[in-house]
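The values are calculated or read from the model by the stated rules, or taken from the named source; none is laboratory data. No experiment lies behind these values; they were computed from the predicted model shown. Note: ideal-geometry Cβ built from the backbone for every residue, glycine included; neighbour counts use all protein chains shown.
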Amino acid sequence: MSAEGNEAPAGAGKVAAPAGQVQEPGAAGQGPETAGQAREPGTGGQTLGPGAAGQARGPGRAGTLPAWGLVAGAVSAVLVATAFGAAEAVPGITLPSPLVEYGLPVLRVLLDLAAVAVVGLSFLPKLLGFDDPDRTEPVMRRARPMAVSFAWAWAVLALLTIVFMTAELNPGVFPTPGMIAEYVDEVGAGQGLLFSAACALTYAGIGLLAVRFGEKVPAELRIVIALFGLLPIPVTGHAVDSVWHDPIMVSMELHVLGAAAWTGGLTVIALLVARDRELLARILPRFSRLATLALVVVGLSGLVNGLATMALTPGTELPGALLTSEYGLLVLAKVALTALLIPLAAHIRFRLLPPIRRREGTAVAAWAAAEVTVMGLAYGVAVALTTASIT
């Protein structure tokens, strides 16, 4: 898949371009970067390149591949991991129904992905910059409503997750409002998810203002609210009762924030910007620096979190438990997926970035789709880790 924009050949008369663009009469002799350009309403009549016009219309079917890869990778990984660690039926003990057993992890991973999308869309205006609104505003006019939609999805998924967690704790009984309220009152995971849902709803309200007033609503405010809503999510995982609890929680928070910025940013760029060579040449170098930092933070914090959680769990001995416990095997799987991301990210930065800077066509969208799919697999494994048996 190529990131290059659709171009129309030069010639006299109106000629249909591949993406449905038209070449005005008298365009003969124009180069491929001029032919097929379009004027975007609200830009003061400035002529936009073919990539920018494509962005105003939205990504084609192939342009959505990274998003579908992220979702498919995450859902498939969490389902496989859940089946791998499914508890065996014991006479006299009621287990959660299959709907709860498999529905809860799917809801959790979709919740994570909705939050990731909001974070990525929130960072987009900072990555695009504000010095060329005639070119960036068509992209942002699509991004802002998308951010609001994903914020609503985030809130709904967080609330549904609370319901399913209540059902998991009370197998065989349909959760009543009283049971759900009791769960939220007594369990930290329920409180964390409720706070996360509140942040998502706050973001949706501010996002609607951004849809109406554009970048007069500070992008920094949206970024802070989105990241703040991510902070309670690690509370839903394993708790470590030791003097190292606070450092491990800080490490988990850094892991979650870094992964969201990296995954969300790359997905949004591949979805909304990859077809516009000019914007891509501006945004990808900026994002590449952020992604490099995120890779280091996510890789180190993830490894430390996994090993520390196992080492501080009574009855667990390292390194043997890495191969004998469900948690250990999932840690190894996540480490392997993170390691796989390194060559994919390096290819984009060191092989594709130079021609992108020169405004040349590349297959960056295809490589981004591959990287994002691996990220989705890692997210699925991460959700399975939150409930996996350590011993």
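Among the residues of region 221-229, none qualifies, meaning not one is in contact (Cβ under 8 Å) with a residue 60 or more places away in the chain, among the aromatic types (Phe, Trp, Tyr), in a helix (DSSP H, G or I) and under 22 Å from Ser122 (Cβ atoms).
In region 263-270, the count of residues that are surrounded by fewer than 20 Cβ atoms within 10 Å (Cβ to Cβ) and not β-branched (Val, Ile, Thr) is zero. Is there a residue being touching a residue at least 12 places away in the same chain (Cβ under 8 Å), under 18 Å from the mean Cα position of the chain (by Cα) and surrounded by 23 or more Cβ atoms within 10 Å (Cβ to Cβ) anywhere in region 353-364? Yes. Which members of region 195-212 meet the condition of being without any contact (Cβ under 8 Å) to a residue 40 or more places away in the chain and either of a type in the set (Lys, Arg) or buried (at least 20 other Cβ atoms within 10 Å of the Cβ) (or both)? Across region 195-212, the qualifying residues are Cys199, Arg212.
Listed by first and then second residue, the pairs with beta-carbon distance under 6 Å, at least 6 apart or on different chains, first residue in region 273-285 and aromatic (Phe, Trp, Tyr), second modelled with pLDDT under 95 and part of a helix (DSSP H, G or I), form an empty list.
Can you name every residue in region 192-239 that is among the acidic types (Asp, Glu) and modelled with pLDDT under 95?
The first filter runs over region 192-239 and keeps only residues among the acidic types (Asp, Glu), leaving 215, 220.
Passing the criteria: only Glu215.
Each residue in region 159-186 was checked for being out of contact with any Pro (no Cβ under 9 Å at 6 or more places or on another chain) and among the small types (Gly, Ala, Ser), and 2 of them qualify. Exactly one condition in (1) without any contact (Cβ under 8 Å) to a residue 24 or more places away in the chain; (2) part of a loop (DSSP other than H, G, I, E, B) is false for Ile390; which is it? Only one criterion in (1) without any contact (Cβ under 8 Å) to a residue 24 or more places away in the chain; (2) part of a loop (DSSP other than H, G, I, E, B) is unmet by Ile390, namely (1).
Filter region 240-251 for residues that are in contact with a helix residue (DSSP H, G or I) (Cβ under 7 Å, 6 or more places away or on another chain) and at pLDDT 75 or above and give the result.
First, pick out the residues of region 240-251 that are in contact with a helix residue (DSSP H, G or I) (Cβ under 7 Å, 6 or more places away or on another chain): 240, 244, 248-249, 251.
Matches in region 240-251: Ile248, Met249, Ser251.
Report yes if Arg212 is part of a helix (DSSP H, G or I) and under 23 Å from the mean Cα position of the chain (by Cα), otherwise no.
Details: part of a helix (DSSP H, G or I): yes; under 23 Å from the mean Cα position of the chain (by Cα): no.
In short, no.
Given the criteria at pLDDT 95 or above, under 20 Å from Leu111 (Cβ atoms) and part of a helix (DSSP H, G or I), does Ala259 qualify?
Details: at pLDDT 95 or above: yes; under 20 Å from Leu111 (Cβ atoms): yes; part of a helix (DSSP H, G or I): yes.
Yes; evaluated as a whole, the condition is true for this residue.
Residues that are among the β-branched types (Val, Ile, Thr), closer than 16 Å to Leu159 by Cβ and not in a helix (DSSP H, G or I) were ranked within region 170-191; the one that is modelled with the lowest pLDDT is Val187. The residue that is nearest to Phe164 (Cα to Cα), among those in region 92-122 that are part of a helix (DSSP H, G or I) and small (Gly, Ala, Ser), is Gly103.
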